[in-house]
Amino acid sequence: MCRACPVRVDCLVDAMPVARMRDDTTIVGGLTTPARARLQRLVADGLHAPASLAGVPPRMVRMWLLAHPDAPDQACRQTQARWSGAKRRWRATRARPAPTRGVPASSVMVQGELDLGW
């Protein structure tokens, strides 16, 4: 719904700056709080302003967003890619077998196998 809304840019401007991300589950302008924080960094980089957008008038943020209509979707994609990568790394650490403490790999027995060492 938000993607086609005629006042999406105004919504996003009102939602910036994103000061606190923890425990904030609101969706404004079709973006979650982490995606809005990413958009804020994109806007700050584009305006050569501090990342917090301190001292930047909302009018300038609005003009930048109107000049870069794909920026909200780009921020959303980058945020999704970040979380997908984190999830992939987490799964990779969980898939590793537990290390055997002080037991050589050659003497580890598989279920049903009898290793007599002959």
Original post:
Rounded, prolate or oblate: which one fits the stretch 5-64, using the alpha carbon gyration tensor with axes a ≥ b ≥ c (rounded when a/c is under 1.5, else prolate when a/b beats b/c, else oblate)?
Top reply: oblate
**OP:** Show me 63-69, 31-37 ranked by packing, highest mean number of other Cβ atoms within 10 Å first.
**Re:** 31-37, 63-69
Original post:
Stretch Q80-A51 to full length: gain in nm at 0.36 nm per residue minus the Cα-Cα span?
Top reply: 8.4 nm
Original post:
So what are the ³J(HN,Hα) numbers for the stretch 39-49, from phi and the Karplus equation (6.51, -1.76, 1.60; θ = phi - 60°), rounded to whole Hz, Gly and Pro as x?
Top reply: 4, 4, 5, 5, 5, 4, 5, x, 9, 6, 10
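Since every read-out is calculated from the coordinates, none of them should be taken as a lab result. All of these numbers come straight from a predicted model, not from anything done at the bench. A quick note on method: Cβ atoms are made from the backbone with ideal geometry, for glycine too, and the neighbour counts reach across all protein chains shown.
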